[in-house]
1. Can you tell me which of (1) out of contact with any helix residue (DSSP H, G or I) (no Cβ under 9 Å at 6 or more places or on another chain); (2) assigned by TED's automatic domain parsing to the domain that holds Ser149 is the one Lys192 doesn't meet?
2. Tell me which of these Gly31 doesn't satisfy, since it passes every other one: (1) part of a loop (DSSP other than H, G, I, E, B); (2) over 22 Å from the mean Cα position of the chain (by Cα).
3. Working only within the range 352-377, note down all residues that are polar (S, T, N, Q) and touching a residue at least 12 places away in the same chain (Cβ under 8 Å).
4. Of all residues in the range 98-134, how many are closer than 21 Å to Phe46 by Cα and in a helix (DSSP H, G or I)?
5. Would you pick out the residues in the range 256-309 that are surrounded by 13 or more Cβ atoms within 10 Å (Cβ to Cβ), among the polar types (S, T, N, Q) and touching a residue at least 24 places away in the same chain (Cβ under 8 Å)?
6. If I filter the range 202-210 for residues that are touching a Phe, Trp or Tyr at 6+ places or on another chain (Cβ under 9 Å), more than 30 Å from Ser132 (Cβ to Cβ), without any contact (Cβ under 8 Å) to a residue 40 or more places away in the chain and of a type outside the set (Ser, Thr, Tyr), do I get at least one hit?
7. Here are Thr74, Thr57, Thr69: which of them is more than 30 Å from Arg357 (Cα to Cα) and either outside the structural domain of Gly188 (by TED's automatic domain parsing) or among the hydroxyl-bearing types (Ser, Thr, Tyr) (or both)?
8. Can you say whether Ser127 is closer than 29 Å to Ala183 by Cβ and either surrounded by fewer than 23 Cβ atoms within 10 Å (Cβ to Cβ) or touching a helix residue (DSSP H, G or I) at 6+ places or on another chain (Cβ under 9 Å) (or both), as far as the supplied structure shows?
Amino acid sequence: MNVGALDGIKIFEFASYVSGPFAGMLLADLGAEVVKIESPNGGDAFRNWGKQDYNGTFGSMNRNKMSVTLDLKTEAGRTAARRLALSADVIIENFRPGTMERLGLGYEPLAAANPRLIYCSITGFGSQGPYSNRPGYDTVGQAVSGLLSVLTDRAAPQTMGVSLSDHLAGTFAAYGVLAALMARTTTGLGQKVETSLLQASLAFLGENAAHFFEDGKVPSRATRCKRAQVFAFTAGDGLPFVVHLSSPEKFWLGLLAATDRQALADDARFHNRDARVKNYDALRDELASVFQSRPRAHWLQLLEEQDVPSGSLNTLEEVIADPQFIALDMRKHLPHRTRGTVSVIGNPVRLSATPPRMDRAAPDLGAHNEIFLRETK
């Protein structure tokens, strides 16, 4: 079937950078018509993070969309935006609280005129509370939520090479929109959907938080590593890989067989899982010296033969050459006006009857003005 799960759903996206655009893109992949509202003065700031005709930062968040430019600082621009908004099934915005209200595009007046409207608002810290008006960017969300504290060592902190809080907020926003669309089929009414970088990141920390609520011990990056028995090693050829033992005893025994270290099973420090958690550092050191003796491919083959969860710590270059990546068809080539094609990572969800579609690269700024602005005159 060529029908998308959200075919017929019209979304106007008043959003830039990552969280809102990522939510819109996920919904566009599912067949929704997503129209990105941008300033005529450069548009989404990500458009300027590289080459002007196309760059990966903007392109990775905005495939399958259309672009309309409106100057929301003018009365004419705000009037046109309101007309478009009143025709929408969904609005997505990621301004600071109060911004859309000042533009005359807040939830209450739009919902009064269009009761079926679903209005999704993504903020940095939520719509209420002492931090609500602070600027919320990804790394700040990671840090304030506690997420960064379990990703880095606080004694020598480092920031992350991926915008986790932004992507989490976008994912949860799309999740909320889908729930609201489902509820509307029963009630006939839309509703407001809210999330924030802080809330989405906290939700992602649910396991760590639950343990903290239970025992009062503040988790660190090492806490989960020890509990889940996860390790990163460097082999004799300098190439890194990981092992994840989790809790099944068979994985521990398989690791001992692969490394020919069965004697460690009788070591009091490692005789059961609780002991191995307690003596994690000693076990890591024991294994690290073993893995230094042979190249990575040797160890991964032996670990696979013993059914031990393990894998190369890949660079992105290694990932796209990996046969499993190729088999999953995760690199998508999209037609582009000036480049012929551009590549993006595809949607991770498979639907047998209404599969996600990736048909178009990110749009040129204002490429669809004639269609949508003519309709609002």
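1. Condition not satisfied by Lys192: (1).
2. With respect to (1) part of a loop (DSSP other than H, G, I, E, B); (2) over 22 Å from the mean Cα position of the chain (by Cα), Gly31 is out only on (2).
3. Filtering the range 352-377 down to residues polar (S, T, N, Q) leaves 352, 354, 369, 376.
Once the filter is applied, which keeps residues that are polar (S, T, N, Q) and touching a residue at least 12 places away in the same chain (Cβ under 8 Å), the range 352-377 yields Thr354, Asn369, Thr376.
4. The qualifying residues number 2.
5. Of everything in the range 256-309, those that are surrounded by 13 or more Cβ atoms within 10 Å (Cβ to Cβ), among the polar types (S, T, N, Q) and touching a residue at least 24 places away in the same chain (Cβ under 8 Å) turn out to be Thr259, Gln292, Gln306.
6. Scanning the range 202-210, I find no residue that is touching a Phe, Trp or Tyr at 6+ places or on another chain (Cβ under 9 Å), more than 30 Å from Ser132 (Cβ to Cβ), without any contact (Cβ under 8 Å) to a residue 40 or more places away in the chain and of a type outside the set (Ser, Thr, Tyr), so the answer is no.
7. Result: Thr74 is the single residue among Thr74, Thr57, Thr69 that is more than 30 Å from Arg357 (Cα to Cα) and either outside the structural domain of Gly188 (by TED's automatic domain parsing) or among the hydroxyl-bearing types (Ser, Thr, Tyr) (or both).
8. Details: closer than 29 Å to Ala183 by Cβ: yes; either surrounded by fewer than 23 Cβ atoms within 10 Å (Cβ to Cβ) or touching a helix residue (DSSP H, G or I) at 6+ places or on another chain (Cβ under 9 Å) (or both): yes.
When the stated conditions are applied, Ser127 passes them.
The values are calculated or read from the model by the stated rules, or taken from the named source; none is laboratory data. What you are looking at is a predicted structure, and each value in this text was computed from that prediction instead of being measured. Counting neighbours? That spans all protein chains shown, and the Cβs are built from the backbone with ideal geometry, glycine included.
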